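This report refers to the structure that appears directly beneath it.
The values are calculated or read from the model by the stated rules, or taken from the named source; none is laboratory data. Predicted model, so just to flag it, every value in this text is computed and none were measured. Using ideal geometry, Cβ is built from the backbone for each residue, glycine included, and neighbour counts are taken over all protein chains shown. These accessible areas exclude ligands, DNA and RNA; they are computed on the full protein's heavy atoms, side chains included. Shrake-Rupley method; radii C 1.70, N 1.55, O 1.52, S 1.80 Å.
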Amino acid sequence: MSRLENAGVSREIREHFNEVVELRRRLHQHPEPGFKEERTAALIRAKLRGWGVPFRPLCGTGTVALLEGARPGPTILIRADMDGLPIREETGVPYASKVPGMMHACGHDGHVAMALLAAKLLRKRRASMRGNVKVMFQPAEEGPGGARPMVEAGVLERPAVSAAFAIHLRNDLAVGKVGVSDGPVYASSDDFRITVTGKGGHAGRPHRAVDPVVAAAQIITASQNIVSRQVDPTTGAVVTFGTLQGGTKANIIPDRVEMQGTIRTFGEKLRRQVARDLARIGKNVAAALRSKVDFEYRPRYPSVVNDPALAERVRTVLRGALGARALVHQGRSMAGEDMAFVLREVPGVYLFVGSMNRDKGLDQPHHCARYNFDEAALGVGVQVWLSLAGALLGV
Ligand SMILES: [Zn+2]
Ligand SMILES: [Zn+2]
């Protein structure tokens, strides 16, 4: 029995396995940055056109394909992100990136290839489908974020989407395994900037100045109190200062210090609380030390939250298709993901497909120059898409 067959991948998908691998490798050779996925979009659209799958471009390089079932029913959405990363590839594989300084180092080439083959195979099932499948090829997941503009441009309308799903390959999960969890999957991710203003002066006469360096240090220290003392310890949150800039010379007290950082939380209530806590600490600590602060808060991504009932449904479907041993519980991550903007509007599930194979040395982390995955995961991913569509649309 082949490895794919063993993993529960159907004969139909196994017969098309070379095609999904070939697609992935073509995409892998031409990684493109967010909103500049021109070549990627052209390949996606040419394939869809060739297979007779209707689609429309959305938000520049984004594409929405629609597979309409012959019978009425709900519309489900499957999402694939398309962008590469500014990393110089060091895998040495024959299909390595041909674009200097750019690499598909997160597996988005695989996501696109899986969604494309799923679209091709679902097209053959339209006569028996009760409802529709929308496929969302999304730009710029790695930033600045393509999901939000696509939602605003109506990706969830005409026809209205009732449930949405996304797969991410995962190189710390063995190939053949699938991770589906309830509730929060990825944290919300927001940035802040705190500018502390004092009064510059001679380092030897600090009493004549107002030192913003000392105030900034106290603000950083006091902020550690947020996660340790003000957030429910069973929930978890992160406040990280990533930059600290100020001053020009050892014997000068500067006028100003600027700090930038990020806040990660689960859930909107805690998200607002942590931002408020940080603003209050900044303002009051600075005031106590005779400085002033300017607090700038930039909300980026909400948290990705799986719908528990749908997650249970997905597990049941995948247990049937791939076997009970394939399913694992996947813990939460403090990383951010812009699929959050889709799952904020409609219920859905963000799931992980294992792509690690230690025996073949395919276990490097995502966003690493030596990242590569076991392509058998592509077969499993297509199986996930077909099994889900089949179960939800009664094929
Ligand atoms: Zn990534
Ligand atoms: Zn990614």
>> I'm checking my understanding of the structure. Among residues of the range 16-71 that are under 15 Å from residue 99 (Cβ atoms) and of a type in the set (D, E, K, R), which one is surrounded by the most Cβ atoms within 10 Å (Cβ to Cβ)?
In response: 37
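Select from the range 1-15 the residues that are open to solvent by 90 Å² or more (accessible area, probe 1.4 Å) and in a loop (DSSP other than H, G, I, E, B) and list them in ascending order. Show your work before the answer.
Filtering the range 1-15 for residues open to solvent by 90 Å² or more (accessible area, probe 1.4 Å) gives 1, 3, 6, 11, 15.
Once the filter is applied, which keeps residues that are open to solvent by 90 Å² or more (accessible area, probe 1.4 Å) and in a loop (DSSP other than H, G, I, E, B), the range 1-15 yields only 1.
Yes/no per residue for (1) more than 22 Å from residue 154 (Cα to Cα); (2) in contact with a strand residue (DSSP E or B) (Cβ under 8 Å, 6 or more places away or on another chain):
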| position | (1), (2) |
| --- | --- |
| 320 | yes, no |
| 329 | yes, yes |
| 347 | no, yes |
| 351 | yes, yes |
| 357 | yes, yes |
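Please indicate, with yes or no, whether at least one residue in the range 84-98 is in a strand (DSSP E or B), within 16 Å of ligand 1 (Cβ to nearest atom) and closer than 17 Å to residue 381 by Cβ. Quick ask: steps written out before the conclusion?
So the first thing to find is which residues in the range 84-98 are in a strand (DSSP E or B), and the list is 85.
Retained after the next criterion (residues that are within 16 Å of ligand 1 (Cβ to nearest atom)): 85.
Among the residues that remain, those that are also closer than 17 Å to residue 381 by Cβ are: none.
Within the range 84-98 (the criterion being in a strand (DSSP E or B), within 16 Å of ligand 1 (Cβ to nearest atom) and closer than 17 Å to residue 381 by Cβ), the answer is no, since none of the residues qualifies.
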> Residue check, residue 145 against (1) within 16 Å of ligand 1 (Cβ to nearest atom); (2) part of a loop (DSSP other than H, G, I, E, B); (3) touching a Ser or Thr at 6+ places or on another chain (Cβ under 9 Å); (4) over 18 Å from residue 25 (Cα atoms), all met but one. Which one?
Replying inline: (3)
> Looking at 390, 348, which one is in contact with an Asp or Glu (Cβ under 7 Å, 6 or more places away or on another chain), under 28 Å from residue 72 (Cα atoms) and more than 16 Å from ligand 1 (Cβ to nearest atom)?
Replying inline: 348
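Among the residues of the range 335-358, what is the count of those that are open to solvent by 60 Å² or more (accessible area, probe 1.4 Å) and within 18 Å of the chain's Cα centre (by Cα)?
Quick first cut of the range 335-358, residues open to solvent by 60 Å² or more (accessible area, probe 1.4 Å) only: 344-345, 358.
In the following step, the residues that additionally are within 18 Å of the chain's Cα centre (by Cα) were identified as 344-345.
Going through the range 335-358 one residue at a time, the tally reaches 2.
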>> Can you pull out every residue in the range 37-54 that is within 25 Å of the chain's Cα centre (by Cα) and either without any contact (Cβ under 8 Å) to a residue 60 or more places away in the chain or at positive phi (or both)?
In response: 38, 39, 42, 43, 45
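For the range 348-365, enumerate the residues that are in a loop (DSSP other than H, G, I, E, B) and either among the small types (Gly, Ala, Ser) or at pLDDT below 95 (or both).
The initial filter retains those residues of the range 348-365 that are in a loop (DSSP other than H, G, I, E, B), namely 361, 363-365.
The answer is 361, and nothing else.
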> From 226, 194, which residue is open to solvent by less than 10 Å² (accessible area, probe 1.4 Å) and part of a helix (DSSP H, G or I)?
Replying inline: 226
> Assuming residue 318 fulfils every condition listed in (1) out of contact with any Gly (no Cβ under 7 Å at 6 or more places or on another chain); (2) within 30 Å of residue 11 (Cβ to Cβ); (3) more than 16 Å from ligand 1 (Cβ to nearest atom); (4) open to solvent by 20 Å² or more (accessible area, probe 1.4 Å) apart from one, which condition is it?
Replying inline: (4)
> Filtering the range 99-133 down to residues that are touching a residue at least 40 places away in the same chain (Cβ under 8 Å) and at positive phi, which residue is farthest from ligand 1 (Cβ to nearest atom)?
Replying inline: 131
